[in-house]
Amino acid sequence: MLAENLKVVEAQIAAALAARKENKMTGTAVTLVAVTKNHPPEVVQEALDCGVPHVGENRVQEAKHKQEVLPKGGYWHLIGHLQTNKARQAVALFDIIESIDSEHLLAAVNKEAERIGKVQDILLQLNIAHEEQKSGFDKDEYLAILPKLKDFKNIKVRGLMVIAQKCDQVEETRPVFAAGYRAFCRLKEQIPDIDILSMGMSSDFTVAIEEGANNVRVGTALFGARDYSLKF
Ligand SMILES: *Cc1c(COP(=O)(O)O)cnc(C)c1O
């Protein structure tokens with residue numbers, strides 16, 4: 001099933017890239033992150049076998065289990081909210097933490113990365129859609145953290161992550177993604193080597209790409225519905 005779905009998703013990504021009206025500062029290629037949360041380890045292996053090296057998980061414990069039972073490989077993205085007390089595990093398990101949503105968490109991740117001599121790639125998650133329960137920096141918090149980023153020596157900021165609101169019409173997400181792109185461009189003035197703008201999931205990744213996303217997080221469109229009864 002993945003191979004067929006993957007073809008469809010890749011064609012949609014290509015079409016959305018072609019539909020971009022202008023050259024974006026996020027380049028001309030899109031990284032597909034296969035979101036394997038709530039799927040068994042075999043599904044991660046299937047993605048890797050199909051040539052998708054980027055996998056996305058939203059829970060530390062679940063990713064740990066999968067990495068323990070699978071052969072080494074893949075490039076692991078943490079995309080779910082991270083509690084500070086799990087920072088140590090997250091730094092050990094993930095190549096990139098997309099969901100850094102507070103200064104407190106950034107400091108904890110920096111400390112754990114320093115402890116093991118790692119420079120941890122991260123994205124700052126922005127709360128642009130302001131949907132209830134969605135984490136992410138709001139505007140004031142974000143503006144406050146920007147001047148402090150350089151003090152976190154074991155953190156490499158690679159860019160931004162944005163989640164759009166749930167809505168009936170996918171077009172309603174467009175202003176949120178456009179705002180995410182503008183924020184990326186502004187951050188690039190401060191940190192010229194940022195290169196990742198993570199926006200879009202199964203329901204809205206084509207709109208996100210049209211607005212400038214170069215990293216999309218896709219689960220359902222690749223693997224079908226998740227099985228929430230799975231325990232890890
Ligand atoms: C689950 C999840 C996704 C993937 O969602 P789908 O709708 O299944 O594509 C993407 N991003 C985040 C942050 C998620 O938690």
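Every read-out reported here was derived from the displayed coordinates using simple, explicitly stated rules and does not represent laboratory data. These numbers were taken from a predicted model, which means no experiment stands behind them. When we count neighbours, we look across all protein chains shown, and the Cβ atoms used for this are built from the backbone with ideal geometry, even at glycine.
Listing Val8, Val35 from fewest to most neighbouring C-beta atoms within 10 Å gives Val8, Val35.
Extending 7 Å from the Cα toward the beta-carbon at both Glu171 and Leu146 defines two label points whose distance is 3.2 nm. How high is the FRET efficiency from His130 to Ala29, r the C-beta distance, R0 45 Å, rounded to 0.05? The calculated FRET efficiency here is 0.90.
Excluding same-chain pairs closer than 8 in sequence, count the lysine pairs in the stretch 14-108 whose Cα atoms lie under 27 Å apart. Taking the Cα cut-off of 27 Å, the pair count is 8. Think of it as helices only: each DSSP H run of n ≥ 4 in the chain is worth -39500 (n - 2.57), and spread over all residues that comes to -11500 deg cm²/dmol at 222 nm.
Dividing the Cα radius of gyration of the stretch 41-197 by its Kirkwood radius returns 0.97 for Rg/Rh.
As a proxy for reagent exposure, Glu210, Glu131 were ordered by neighbouring Cβ count within 10 angstrom, fewest first; the result is Glu131, Glu210.
Net length available on complete extension from Val69 to Ala11 is 17.7 nm, with 0.36 nm assigned per residue and the Cα-Cα distance removed.
Residues Tyr228, Tyr181, Tyr142 in ascending order of nearby Cβ atoms (within 10 Å, fewest first): Tyr228, Tyr142, Tyr181.
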